[in-house]
1. Is it the case, given these coordinates, that A:P142 is more than 14 Å from chain B (Cβ to nearest Cβ) and surrounded by fewer than 22 Cβ atoms within 10 Å (Cβ to Cβ)?
2. Have a look at B:P91, B:P126, B:P77 and point out the one that is touching a Lys or Arg at 6+ places or on another chain (Cβ under 9 Å) and over 21 Å from B:S163 (Cα atoms).
3. Filter the stretch A:213-263 down to residues that are more than 12 Å from chain B (Cβ to nearest Cβ), more than 19 Å from A:L7 (Cα to Cα) and charged (D, E, K, R), then give me how many there are.
4. Take B:V137 and tell me if it is buried (at least 19 other Cβ atoms within 10 Å of the Cβ), among the hydrophobic types (A, V, I, L, M, F, W, C) and part of a helix (DSSP H, G or I).
5. Does A:V160 satisfy the criteria of being closer than 20 Å to A:L95 by Cβ and modelled with pLDDT of 95 or more?
6. If I filter the stretch B:32-90 down to residues being in a loop (DSSP other than H, G, I, E, B), within 14 Å of chain A (Cβ to nearest Cβ) and in contact (Cβ under 8 Å) with a residue 60 or more places away in the chain, which single residue comes out as nearest to A:S153 (Cα to Cα)?
7. For the stretch B:143-150, state whether one or more residues are assigned to a strand (DSSP E or B) and farther than 21 Å from A:K54 by Cβ.
8. If we scan the stretch A:189-201, do we find a residue that is crowded, with 20+ Cβ neighbours inside 10 Å and either part of a strand (DSSP E or B) or within 13 Å of chain B (Cβ to nearest Cβ) (or both)?
Amino acid sequence: MSTAPLLEIRSLAVSFTQYDRGLRRRTVTALAGMDLTADRGELVALVGASGAGKSLLAHAVLGMLPPNAVESGTVRFDGVVLDPAARRDRAGRDLALLPQSVTFLDPVTPVFRQVRRAAVLAGRSAPDAVAGAALEHRGLGPEVHRRYPHQLSGGQVRRVLTAMALMGDPALVVADEPTPGLPAEAVRAALADLRRIADRHRAVVLITHDLAAALEVADRVVICRHGRTVDEARPADFHTDELTHPYTRALWHALPGNGFRLTEDA
Amino acid sequence: MTLRADDVWFRYSRKSPWVVAGVSLSVEPGEVVGLHGPSGAGKSTLGRVLSGSLHPHRGEVSVDGRPPRPGRGTANPVQLVAQHAHLALDPLWKVRRSLAETGAADSALDALDPALAPPALLDRFPHEISGGEAQRVNLGRALLANPRFLVADEVTASLDPISQVELWGLISAAVDARGIGVLTISHDRPLLDVVAHRVLDFRELVRTPA
């Protein structure tokens with residue numbers, strides 16, 4: 001038995017080489033040093049400003065970065081260091097991405113065919129039955145099978161994406177901003193869904209800018225800023241005002257219910 | 001000068017149901033009015049009707065007795081800022097050009113409050129700035145049009161808490177300094193309770209269609 005967490009990210013850095021003007025190249029550092037761990041049964045939230053590199057971390061973990069990205073640091077899965085190619089190889093099976101929005105679905109293909117394809121890619125036998133059952137399990141009956149993504153509500157799209165992400169029975173689910181702009185009830189439903197996924201012995205990484213939502217479901221909150229992990233805290237530390245890092249304190253006091261103000265460290 | 005909706009009805013086509021049904025409301029200068037309601041209810045549609053991007057089938061939207069639309073040499077007195085900051089910016093244009101779209105002279109751009117768009121930001125492309133920065137640029141563009149009213153539709157729903165406070169600080173400053181009236185649409189009730197003088201419930205505004 002190893003005691004290592006299921007996912008262990010250490011000093012992950014990502015930079016991109018771009019052609020600026022003509023043949024002049026420049027290197028843009030997008031992630032400068034991210035640390036994050038998540039174990040089975042755990043829901044870990046990664047919170048930070050937009051542009052802090054949160055989605056990039058998700059894509060890096062799944063080996064989905066474009067070819068001009070240069071990665072350093074280590075990503076361990078079940079105690080084994082996996083390089084980007086090995087991660088990409090396991091994406092959709094051991095590792096799954098629950099993407100942000102409807103734009104990750106094919107707009108011109110009915111939803112059933114897309115879920116079925118996810119089943120095929122995950123190596124499931126009898127993909128038709130599996131896809132139908134996965135949708136049914138989330139309250140989406142045959143009436144939605146032939147609909148196109150734009151004919152579904154935001155909540156239905158999320159359930160389709162969840163069905164596709166869990167198709168390969170992944171040990172790790174990375175959910176990228178699943179809630180922005182949703183009304184309170186839909187946010188609660190989405191988060192409760194993620195909590196259930198974690199409670200079924202999976203590791204869940206919830207990427208969000210919504211600190212209040214993260215505090216409701218997460219076991220731990222990892223705070224990042226400018227592409228770097230700066231702090232980690234438990235939800236209880238927020239409510240009891242035991243936050244040590246100034247940026248984490250600033251995020252907390254900026255919430256509408258907690259003063260809606262900028263502290264000098266923000 | 002008041003932004004007023006009188007018994008406004010709107011639907012997207014003759015066959016589709018009424019999205020905005022018999023809504024009346026008003027926003028006074030210097031006032032921040034919150035509009036709260038569930039998603040899919042029609043809040044954003046109402047916002048677009050109020051800012052003149054959509055025309056009501058029945059009823060009337062008016063600013064000082066006139067419908068909200070650009071005049072000769074003047075911009076629309078009701079400006080709209082929406083949720084997805086980057087979608088409102090042309091990805092192939094530098095920030096400066098998006099701001100200049102308002103007809104503002106270069107001198108006006110350089111004199112823009114650096115909290116809205118610092119000089120270094122003007123020569124960047126949208127993909128080179130963060131969501132919070134992009135939304136401040138959108139607000140700056142709306143304010144360059146010298147509006148009397150602002151419709152702010154989920155303007156901070158995609159922002160982190162700190163960027164949210166920063167953007168609202170800038171909106172409040174415009175309200176105080178220029179007497180702009182704001183209608184702000186959000187599903188986030190705690191936020192509306194902090195930023196708005198009064199909050200309307202969308203469901204209570206809409207009439208059951210007869």
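1. So A:P142 fits the description; yes.
2. B:P77
3. Counting residues in the stretch A:213-263 that are more than 12 Å from chain B (Cβ to nearest Cβ), more than 19 Å from A:L7 (Cα to Cα) and charged (D, E, K, R) gives 4.
4. Considered against the rule, which asks whether it is buried (at least 19 other Cβ atoms within 10 Å of the Cβ), among the hydrophobic types (A, V, I, L, M, F, W, C) and part of a helix (DSSP H, G or I), B:V137 comes out as yes.
5. No; evaluated as a whole, the condition is false for this residue.
6. This residue is B:S39.
7. Checking the stretch B:143-150: at least one residue is assigned to a strand (DSSP E or B) and farther than 21 Å from A:K54 by Cβ.
8. yes
The values are calculated or read from the model by the stated rules, or taken from the named source; none is laboratory data. Quick caveat, the model's predicted, so the values are computed rather than measured. No Cβ is skipped: glycine too gets one built from the backbone with ideal geometry, and neighbour counts run over all protein chains shown.
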